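These notes are about the structure you will find just below.
The values are calculated or read from the model by the stated rules, or taken from the named source; none is laboratory data. Since the model is a prediction, treat every value here as computed from it, not as a measurement. For neighbour counting, all protein chains shown are included, and Cβ atoms are generated from backbone atoms with ideal geometry for every residue, glycine included.
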C-alpha cells in the first residue's frame, strides 16, 4: 500500500457512516454504485422486488445524504444467504463494507438466522481474510461460478451466529472501527442508534431537502424502469436471485471484500 493509499484510507475511515434500511429513495445511489462495481449489474426492478420481500434484509450506508454502499441478505428456515455487498469506489478502503456486514449479520440473527453462507472468488485472498474475521470458513466450491473472468467460487459458512460467543466476535470487530458504528431506522444490539448528529451534519434539513429534490427529478425515470422490469416473470426473478447473483469485483487489503458482488 502506498503512502497516498494509506492517507486516503485513513480519511475515509474517519467519516461518520450511517447504516439504514434500503428504501426506494436510495435506489438512484445504489444503481450508480452497482454500475461501476459489477460486471453484471442488477436492474432497478430486481432491487425493488428484493427490497420489498419480507424474507430479505437490504441496507444502505450513507455519508451525509449520499449513498456510499449497500448490502443484502435472504433468509430461509433459519439460514441466511448474503446476496450483495458493494461500496462506492471513491470511498473504498474505509471499512464501510465492514460496517454493512456488522449490521447485516446482526439483523440476520434478529430475524432468526443460526447460520449464514456466501460465495467468494477462490483467488480473492483479501476477501477470505476478512471472512475469517467474521467466522466464515470454506465448506465447498462451485465450478466456474463466476464470469468475466470465469472462476470457481468458494462456498463459505458461518455457523452458530446466534450464540453469545459470535455476538462477542462482532463486538470485537466493531471496537476496531475508528468511528462509532451508527445506524438509523433499525432495532438491534450493538452500535449507536442515531441519525446524522449535529456535529457531523450542520444542516441536515438542507441535505434531506436536496436528496428529496433529486429524487423527484429522477422519479419519472425510476417509474419507467420499474414498469419495464415488471414484465419479468417472477420465476425468472427468483432464479436470478438464487443462481446468478454473483458478479465481478476487486478488493484491496484496506477493507472487506466480496461476498457476492465486488466491493470494498
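If you take the residues in the stretch 109-159 that are touching a helix residue (DSSP H, G or I) at 6+ places or on another chain (Cβ under 8 Å) and in contact (Cβ under 8 Å) with a residue 60 or more places away in the chain, which one is surrounded by the most Cβ atoms within 10 Å (Cβ to Cβ)? Per the stated criteria, the residue is 120. Taking residue 127 as the residue in question, decide whether it is modelled with pLDDT under 90 and either closer than 27 Å to residue 18 by Cβ or not in a loop (DSSP other than H, G, I, E, B) (or both). Against the criterion (modelled with pLDDT under 90 and either closer than 27 Å to residue 18 by Cβ or not in a loop (DSSP other than H, G, I, E, B) (or both)), residue 127 qualifies. Residues in the stretch 30-46 that are modelled with pLDDT of 90 or more and in contact with a strand residue (DSSP E or B) (Cβ under 8 Å, 6 or more places away or on another chain): 5 in all. Of all the residues in the stretch 7-20, those that are surrounded by fewer than 17 Cβ atoms within 10 Å (Cβ to Cβ) and at pLDDT 95 or above number 0. For the stretch 57-108, residues that are in contact with a helix residue (DSSP H, G or I) (Cβ under 9 Å, 6 or more places away or on another chain) and without any contact (Cβ under 8 Å) to a residue 24 or more places away in the chain total 1. Taken as a whole, the condition of being assigned to a helix (DSSP H, G or I), under 17 Å from the mean Cα position of the chain (by Cα), surrounded by 19 or more Cβ atoms within 10 Å (Cβ to Cβ) and modelled with pLDDT of 95 or more applies to residue 103.
A quick yes/no check of all residues on (1) within 21 Å of residue 113 (Cβ to Cβ); (2) in a strand (DSSP E or B); (3) more than 9 Å from the chain's Cα centre (by Cα); (4) modelled with pLDDT under 95:
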{"site": "48", "(1), (2), (3), (4)": "no, no, yes, yes"}
{"site": "58", "(1), (2), (3), (4)": "yes, yes, no, no"}
{"site": "68", "(1), (2), (3), (4)": "no, yes, yes, no"}
{"site": "73", "(1), (2), (3), (4)": "yes, yes, no, no"}
{"site": "93", "(1), (2), (3), (4)": "no, no, yes, yes"}
